[in-house]
Amino acid sequence: MKKKIRIALYSRKSKYTEKGDSVGNQIELIKEYIKKNYPKEEYETEIVIYEDEGFSGGNIDRPQFQKFLSEEEKEPYDILICYRLDRISRNIANFSNLMEELTKKNTSFISIKEQFDTSTPMGRAMMFIASVFAQLEREVIAERIRDNMIELAKTGRWLRWNNTYWIY
């Protein structure tokens, strides 16, 4: 008899571009992971896909992520799978709170690129260390953008942000 399993698949990308790991590519890689690790011969899988494009990982105010949280509250999934941990959050507090809620609901978390084993203390510790670096990366990127905008402003050049132009 096949084991029934509910899987939430989440992908996110901060900005729509043709470059990098698009939400579509992330989803395809996760589906390949599911086929390999949860074969149809052994599992009957229900997969629900949540994808946010154009939203930062600095907070959890993303439409599809909020939908996932709402549905997780009503009927918990067995597993939440993402491409990389930083697709879920680049904020340590948000990530920690999410992991606590998933644990309470017995929902496993899988990041296919980092391959954390969250069933062990060392695996959980490594996952949280990775979340620290995800937040650090977000903060460094923001600092770099801010510094570049200030330097452009000093030279009187046009600055473009989300199709809005400023001159300083």
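The values are calculated or read from the model by the stated rules, or taken from the named source; none is laboratory data. Computed from a predicted model, the values in this text were never measured in an experiment. Ideal geometry is used to build each Cβ from the backbone, glycine not excepted, and the neighbour counts take in all protein chains shown. Accessible surface areas use protein heavy atoms only, side chains included; no ligands, DNA or RNA. Shrake-Rupley method; radii C 1.70, N 1.55, O 1.52, S 1.80 Å.
Quick rundown of the values:
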quantity	calculated
Selection count, the range 114-150, where residues are under 16 Å from Ile92 (Cα atoms), open to solvent by 70 Å² or more (accessible area, probe 1.4 Å) and at pLDDT below 70	1
Scope the range 46-59; condition closer than 30 Å to Met1 by Cβ and open to solvent by less than 60 Å² (accessible area, probe 1.4 Å); matching residues	Val48, Tyr50
Given (1) assigned to a helix (DSSP H, G or I); (2) in contact (Cβ under 8 Å) with a residue 40 or more places away in the chain; (3) open to solvent by 70 Å² or more (accessible area, probe 1.4 Å), index of the condition Ile30 fails	(3)
Which numbered condition Lys4 fails, given (1) of a type outside the set (S, T, N, Q); (2) open to solvent by 70 Å² or more (accessible area, probe 1.4 Å); (3) not in a strand (DSSP E or B)	(3)
Index of the failed condition, Tyr77 passing every other in (1) closer than 16 Å to Ile5 by Cα; (2) under 14 Å from the mean Cα position of the chain (by Cα)	(2)
The range 93-112: number of residues that are in a helix (DSSP H, G or I) and open to solvent by 20 Å² or more (accessible area, probe 1.4 Å)	8
Options Asp52, Asp21: the member that is modelled with pLDDT under 85 and charged (D, E, K, R)	Asp21
